[in-house]
1. List pairs: first residue in segment 28-39 and among the basic types (Lys, Arg), second residue within 8 Å of the ligand (Cβ to nearest atom) anywhere in the structure, Cβ distance under 9 angstrom, at least six positions apart or on different chains.
2. Could you say which residue among Tyr175, Tyr185 is more than 19 Å from Gly12 (Cβ to Cβ) and among the hydroxyl-bearing types (Ser, Thr, Tyr)?
3. Can you name the condition, by its number, that Gln16 falls short on among (1) under 12 Å from the mean Cα position of the chain (by Cα); (2) near the ligand (Cβ under 10 Å from one of its atoms); (3) assigned to a helix (DSSP H, G or I)?
4. Against the condition loosely packed, with under 14 Cβ neighbours inside 10 Å and closer than 27 Å to Asp61 by Cα, how does Arg106 come out, does it pass?
5. Considering only residues of segment 25-50 that are away from the ligand (no atom under 13 Å from the Cβ) and within 17 Å of the chain's Cα centre (by Cα), which is surrounded by the most Cβ atoms within 10 Å (Cβ to Cβ)?
6. Just checking, does segment 115-122 include any residue being surrounded by 14 or more Cβ atoms within 10 Å (Cβ to Cβ), modelled with pLDDT of 95 or more and among the β-branched types (Val, Ile, Thr)?
7. Can you tell me which residue in segment 56-85 is surrounded by the fewest Cβ atoms within 10 Å (Cβ to Cβ), limited to those that are part of a loop (DSSP other than H, G, I, E, B) and within 14 Å of the ligand (Cβ to nearest atom)?
Amino acid sequence: MNLILLGPPGVGKGTQSKLISKRLAIPQISTGDLLREAVRQKTKLGLEAKLYMERGELVRDGIVVGLIERRIQDPDCTKGFVLDGFPRNVEQADALATMLRGAGRRIDTAVCIEAAEDLLVRRIAGRRVCSSCGSEFHVEFRPSAKGKLCERCGAELVQRKDDREDVVKERLRVYRESTQPLARYYEERGLLRRVKGEGTIEEIERLIARALEEAAQPPPGRS
Ligand code: AMP
């Protein structure tokens, strides 16, 4: 199954796409993670991407489309994949459709997770990651048992630069302007399922599972 998870920053796409990946045994592909890895490795692509990421702006389409094109050709993607953070605008969605068509594949469902903006800012601005092992915590919703240190490895917990409140507001603005129109894009193609993303992780997981089951049912009259 080839899936897309859409939704604003902080809505839980990362968490939910990892859960879907486990349940359906298909890889989760996050362009944010791929880009952060390129930044860590200081590749040419990573150095260019860093400038945009720190400002909360979108990285050039050519870069992310290239990353996805290579990744979905990996053998672990033959049974499907769940995309997290890609596509982010209509141009990327068109590029994705074209590359999949070329391989005789297509998107099955796009799930859009929705939540109020004040909750999103609270969720993102409280996020902390371990500077050593990358484990994720939240000062309010998932505090580390060791306070400002990672409860797994003891290293310092830090805030991602793009999780600072001013950058978060820019990321939300970019989302409204460039990414939100994608819900319409997939709706017009009969592929969109909307899910409310304001409950617990388990509640949202159940709503997504139900939405995917419904999407897999044949339309009435064709069973
Ligand atoms: P994320 O972890 O998905 O919120 O992504 C973090 C940052 O990486 C974003 O704010 C963008 O700067 C960049 N990024 C991730 N995915 C994309 C994409 N599909 N297109 C452009 N930029 C992206």
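The values are calculated or read from the model by the stated rules, or taken from the named source; none is laboratory data. Since the model is a prediction, treat every value here as computed from it, not as a measurement. Here Cβ is always computed from backbone atoms with ideal geometry, including for glycine, and neighbour counts include all displayed protein chains.
1. Sorted first by the residue in segment 28-39, then by its partner, the pairs are Arg36/Ser30; Arg36/Ala49; Arg36/Met53.
2. Being more than 19 Å from Gly12 (Cβ to Cβ) and among the hydroxyl-bearing types (Ser, Thr, Tyr) holds for just one of Tyr175, Tyr185, which is Tyr185.
3. (2) is the only condition that Gln16 fails.
4. Judged against the criteria, Arg106 is a match.
5. Ile26
6. Among the residues of segment 115-122, not one is surrounded by 14 or more Cβ atoms within 10 Å (Cβ to Cβ), modelled with pLDDT of 95 or more and among the β-branched types (Val, Ile, Thr), which makes the answer no.
7. Restricting to residues being part of a loop (DSSP other than H, G, I, E, B) and within 14 Å of the ligand (Cβ to nearest atom), the top hit is Arg60.
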